[in-house]
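Each reported figure results from applying straightforward, stated rules to the coordinates on display, with no laboratory input. The shown structure was predicted, so the numbers you read here are calculated from the model rather than taken from an experiment. Here Cβ is always computed from backbone atoms with ideal geometry, including for glycine, and neighbour counts include all displayed protein chains.
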């Protein structure tokens, strides 16, 4: 009779379970740093877009400051914000009577919570979007 030595005695099924477990550990070890990296890149992109928006806003404000030095801009602001009129002109003010409801609702106070589908939540988790808010 020939004796055969069996190693650990895992067999093919045990080997598949062990290989699957190892693959799962390697995948988990790779997913978390990868999603952290994606989240950091997204945060940098969002910060850059915010910086660009602030630079544009500063440019507009500088243009408004420059325009305030002109007589035309001062006159326009006096008419729009303070209701001032030039000598000889007649000013009119439209007053809404009490009890009149605004015909166009503004929608203030309405908050709608939208539940994302499960596939979107998983994708956001894998890509790190759940870590960095879109702002």
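One table, with the values for the structure above:
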read-out: Residue 53/residue 78 FRET efficiency (R0 41 Å; Cβ-Cβ; nearest 0.05); value: 0.85
read-out: Coordinate range along principal axes, alpha carbons of region 32-87, Å, largest first; value: 72, 20, 7
